[in-house]
Amino acid sequence: MRTRCLRLLTYAFVATGLSACASTSLSDSQATSELENSAPFASTYQTPSSPPTIIRGATILVGNGERSDNTDLVFEQGKIVALGDNLKVPAGAVELNGKGYWLTPGIIDVHSHMGVYPNPSISSHADGNEIVSPTTAKVWAEHSVWPQDPNFEKALAGGVTTAQILPGSANLFGGRGVVLKNVPSITVMGMKFPDAPHSLKMACGENPKRVYGEKGGPGTRMGNMAGYRAAWISAAEYHKKWTEYEKAVASGDKSAEAPSRDLEMETLRGVLKGEIKVHNHCYRADEMANMIELSKEFGYQITAFHHAVEAYKVAPLLAKNDICAVVWADWWGFKQEAFDMVRENAALIELAKGCAIIHSDDEIQIQRLPQEVGKAMAAANRMGMQLTPAQAITWITSNAAKSLGLSDRIGTLAKGMNADVVLWNGNPMSVYTKAEKVWIDGALMFDRSNPEKNHTSDFNLGIISPEGDRP
Amino acid sequence: MTNLLKTTLFVALLSLVSMANAADILIKNARIVDGQLRDANQLSDILIKGSMVVGLGTGLSTPANGRVIDAQGRPVSAGLFNADTQLGVREVGSVADTVDSSTSNEHITASLQISDAYNPSSVAVAYNRSLGLTHSLIQPSNGAGIFAGKASVVRLSDTGAILVDTAAMVVSLGEAGSDLAGGSRAAAMAMLREALEDARDYSKNRESFARGSRRDYSLSRHDLEALVPVIMRQLPLLVRVERASDIERVLDFAEQQKITLILSGVGEGWRVADKIAKAKVPVIFDPINNLPASYETLGMRADNAKILHEAGVKIMFTGMGWQNTHNAYLVRQSAGNAVANGLPYHVAMQAITSNPAQIFGLPGYGEIKVGAEASLVLWSGDPLEVMSNPDLVLIDGKEYSLESRATRLRDRYYSRLTSD
């Protein structure tokens, strides 16, 4: 029941704007009729059955900043059961010797375009940017995801178990992002992380003004700001109308008429209600500060700034406002707003007690996110900071989970958490290290030693030669 | 001519001055990592006088006025070489005024000389140098035709940066060639064939061309002149090509035309590795690529480098990924990943140092040996490991700062964060 309730809470606003869980006075019959279609495109993912597993004596980066050497890990029925010394082998368990191996939580990439910009990257597949209007909060990235994108399985081989798929950054409001489990599925619903909140992709700076500068605007950064504000003004009115209607229904007013639905406004209302998390593409420090002011003007929380190349310049401001900074280890120079990159960005955010996250935004780097973390960590240590792999791995585990609203399920190897686990053949941040085995919810999804059993996309079959799969 | 002489003299004087000022350096107890198969436990001293390595061995005596750096077992490699960048010709990717890598001018294709645009003061040059990159092949990109222009070898020094003005003629075939040639890869081949025929005809008939009594050619006079060294086999044709069948086709073509090739891209190179090896054609690619980004790279795989090497192909690397200019130094991350996927370590080092030195004719660079140019890097750890960083960067004996605009920004904000 709790699950169902959570799901309704997540999706209620989608169909009717009703929040079933919050409105306890709503009668069952009303709830049924109003909410019949309230969770469209819901996850159909089922935790696969799998044997209990014990991994003995590995070096464990827990994901919460701690490290535990020569330690056993047990998981069963999809959940972490225990972490400790000389743990008992559960009945029927698969037992693995982890000596010389490292364990981390499943890697989380909070900024991916897998499925919406899949490979081959042909125009037939380019479904990540709805470049028809600067304001398209109505579109959902999941409706563009092609589950056969051969990138997914390569990311899995790099230990990525969860990815947030976002629309592109051409628009001020790019649309809704979706959190996927990196599992093979014919439908996107089969990949959707159950009960994960949606996100709203917003974009600052050069991209929207470049795309729309000669198409009616915005053509400037001040135009961008005016565009956001106009949309939030409409959203606030919409929110008010629907809230009044809901109150009327809840108080038994049978004559109350439902306002008409508007997909654009539903997404923005979800943000105003705190149900949709804002993930905001924003490079420059001054623009991040403007976006924070904007969020205060309209009363919503920004969850994370992405591609936050200049986050180090406003790290205390971000920390104070509980906003994560999602950054690359070292990308720069492709745009003016990406000119002030420092390799120590993530570490300086950490130093200011902020929430640092490393993302890929890239199908090559998603295959080796721990290397990206390793570079950022090493750069910081070179300047005299003393970051450890245990601390730095939080940039792609627990901090990432926090920004997705999934801290209670993924991102750390603690008792009761989902058994998303990666076994590495060494320090995961080394260029020479590879993921040996990857489990999602306790099920072995990738095994380097057993390539025949690893999933390969439909796209790969017979495409190089009739008998062979694409490697 | 007078101006040119003056410039040359000036440069020569400058380099004399800098040589005289450069202190001798003795690096003690270094682990030399230069693409040769060496004993990993063997430590060596390296003595540098002026611009050259003059001594190599154990227990070398300290020079009179020199510096001594104890490497304590840290590795020293040749400065790194990235074989496909736009360093110095692309400052900010989206700012057109700062990007000189291509032109839409249809009269300038093969004749685009990329070294004409090279800026040694680029922020990206200093940044990559501070992180261990000392040399690069600067490749133009395609504008109006299948020929992108003439690639140049530079070293990332303040002066004397252009080492090889014209190192290769760059042409695109395959899907990019098809786009440039009107929608068919076969049309791109036809354009290439026609251009080389025209260059041959032109080279034998310059006078009648000047009189206006020769037939029309497919390219401008300067473009044809630029192609003459290719047909004379004095300049390699660097062909960007990915698909196995396109590679085979261009290998056959080069044999018929008696031209020298370098292949770049070669996503499906592993499928025709033996043929590339037999033709003795070197290749440039980013070994980290393993995805079917296009239909011509369906076969892209992580062990392409291993397979090509095992077949006997000489390899050079670029990377990492699309950040191969601003983060050109990360070619070492691409190389490290190639090792993780089966390429022998010393071959990966060759691919980013000595192989390009041999292929582009840089006799002093690429190996650590007596008589070599002192363009080398002392690393905090394994140069192919992503967590290593340079501790010392020398180009031609001159020590370069490990600071960059990025570290200046870092320091400014670090001090604000820590003083609050």
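Just a few scattered comments:
- Filtering segment A:298-307 to residues that are crowded, with 23+ Cβ neighbours inside 10 Å and either within 12 Å of chain B (Cβ to nearest Cβ) or in contact (Cβ under 8 Å) with a residue 40 or more places away in the chain (or both) leaves A:303, A:304, A:306, A:307.
- Among the candidates A:392, A:376, the residue that is more than 15 Å from residue A:62 (Cα to Cα), more than 9 Å from chain B (Cβ to nearest Cβ) and crowded, with 24+ Cβ neighbours inside 10 Å is uniquely A:376.
- Count of residues meeting criterion [in a helix (DSSP H, G or I) and either at the interface with chain A (Cβ under 10 Å from one of its Cβ atoms) or within 20 Å of residue B:156 (Cα to Cα) (or both)] in segment B:324-350: 16
- Scanning segment A:106-145 for residues that are surrounded by fewer than 20 Cβ atoms within 10 Å (Cβ to Cβ) and within 14 Å of chain B (Cβ to nearest Cβ) yields A:120, A:121, A:122, A:123, A:124, A:125, A:126.
- Within segment A:321-334, restricting attention to residues that are in contact with a Gly (Cβ under 9 Å, 6 or more places away or on another chain) and either hydroxyl-bearing (Ser, Thr, Tyr) or under 15 Å from residue A:285 (Cα atoms) (or both), the residue that is surrounded by the most Cβ atoms within 10 Å (Cβ to Cβ) is A:325.
- Those residues of segment A:192-212 which are touching a residue at least 40 places away in the same chain (Cβ under 8 Å), in a helix (DSSP H, G or I) and touching a Lys or Arg at 6+ places or on another chain (Cβ under 7 Å), in sequence order: A:206
- Just one residue in the set B:151, B:226, B:168, B:144 is in the same structural domain as residue B:357 (by TED's automatic domain parsing), surrounded by fewer than 24 Cβ atoms within 10 Å (Cβ to Cβ) and among the aliphatic types (A, V, I, L, M); that residue is B:144.
- Tally of residues being over 23 Å from the mean Cα position of the chain (by Cα) and either not assigned by TED's automatic domain parsing to the domain that holds residue B:29 or not in a loop (DSSP other than H, G, I, E, B) (or both) across segment B:364-420: 15
- Of all residues making up segment A:436-470, the number that are out of contact with any Ser or Thr (no Cβ under 9 Å at 6 or more places or on another chain) and under 17 Å from residue A:96 (Cβ atoms): 6
- Strands (runs of 3 or more DSSP E) wholly inside segment A:258-355 that include at least 2 residues being over 30 Å from residue B:333 (Cβ atoms) and in contact with a Lys or Arg (Cβ under 7 Å, 6 or more places away or on another chain): none
- One residue stands out in segment B:231-249 among those that are in contact (Cβ under 8 Å) with a residue 60 or more places away in the chain, under 22 Å from residue B:140 (Cβ atoms) and surrounded by fewer than 24 Cβ atoms within 10 Å (Cβ to Cβ): the one that is farthest from the chain's Cα centre (by Cα), namely B:235.
- For segment A:373-388, filtering for residues that are hydrophobic (A, V, I, L, M, F, W, C) and assigned to a loop (DSSP other than H, G, I, E, B) leaves 3.
- So residue A:361, is it away from every other protein chain (no Cβ under 14 Å), at pLDDT 95 or above and farther than 22 Å from residue A:448 by Cα: no
- Looking across A:368, A:470, A:409, one residue alone is crowded, with 17+ Cβ neighbours inside 10 Å and free of Cβ contacts under 8 Å to residues at least 40 places away in the same chain. It is A:409.
- Positions within segment A:430-453 being assigned to a loop (DSSP other than H, G, I, E, B) and away from chain B (no Cβ under 14 Å), in sequence order: A:441, A:442, A:449, A:450
- Residue list for segment B:97-112, filter: aliphatic (A, V, I, L, M), farther than 22 Å from residue B:217 by Cβ and surrounded by 19 or more Cβ atoms within 10 Å (Cβ to Cβ): none
- Being under 20 Å from residue B:162 (Cα atoms), among the β-branched types (Val, Ile, Thr) and within 14 Å of chain A (Cβ to nearest Cβ) is a property that residue B:353 lacks.
- There is no residue in segment A:154-171 that is assigned to a helix (DSSP H, G or I), away from chain B (no Cβ under 14 Å) and of a type in the set (Val, Ile, Thr).
- Taking strands (runs of 3 or more DSSP E) as the structural unit, those lying wholly within segment B:77-172 and holding at least 1 residues that are closer than 30 Å to residue B:44 by Cα, of a type in the set (Lys, Arg) and in contact with a strand residue (DSSP E or B) (Cβ under 6 Å, 6 or more places away or on another chain) correspond to B:147-155.
- Test: residue in segment B:378-393 that is touching a strand residue (DSSP E or B) at 6+ places or on another chain (Cβ under 7 Å), away from chain A (no Cβ under 14 Å) and over 19 Å from residue B:28 (Cβ atoms): no
- Test for residue B:192: is it surrounded by 22 or more Cβ atoms within 10 Å (Cβ to Cβ) and closer than 18 Å to residue B:326 by Cα: no
Residue by residue, here is whether (1) under 27 Å from residue B:379 (Cβ atoms); (2) facing chain B (nearest Cβ under 9 Å); (3) within 19 Å of the chain's Cα centre (by Cα) holds:
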{"residue": "A:344", "(1), (2), (3)": "yes, yes, no"}
{"residue": "A:354", "(1), (2), (3)": "no, no, yes"}
{"residue": "A:370", "(1), (2), (3)": "yes, no, yes"}
{"residue": "A:382", "(1), (2), (3)": "yes, yes, no"}
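- In the condition set (1) touching a residue at least 24 places away in the same chain (Cβ under 8 Å); (2) within 10 Å of chain B (Cβ to nearest Cβ); (3) surrounded by fewer than 24 Cβ atoms within 10 Å (Cβ to Cβ); (4) over 23 Å from residue B:93 (Cα atoms), residue A:340 is compliant with all but (4).
- The residue pairs whose first member lies in segment A:138-151 and is assigned to a helix (DSSP H, G or I), whose second member is surrounded by fewer than 20 Cβ atoms within 10 Å (Cβ to Cβ), and whose beta carbons are closer than 7 Å, counting only pairs six or more residues apart or on different chains, are A:142/A:41.
- Selection count where residues are within 22 Å of the chain's Cα centre (by Cα) and outside any loop (DSSP other than H, G, I, E, B), scope segment A:402-429: 6
- Scanning segment B:394-406 for residues that are more than 14 Å from every other protein chain (Cβ to nearest Cβ) and basic (Lys, Arg) yields a count of 1.
The values are calculated or read from the model by the stated rules, or taken from the named source; none is laboratory data. Since the model is a prediction, treat every value here as computed from it, not as a measurement. Don't worry about glycine lacking a Cβ; one is built from the backbone with ideal geometry, like all the others, and counts go over all protein chains shown.
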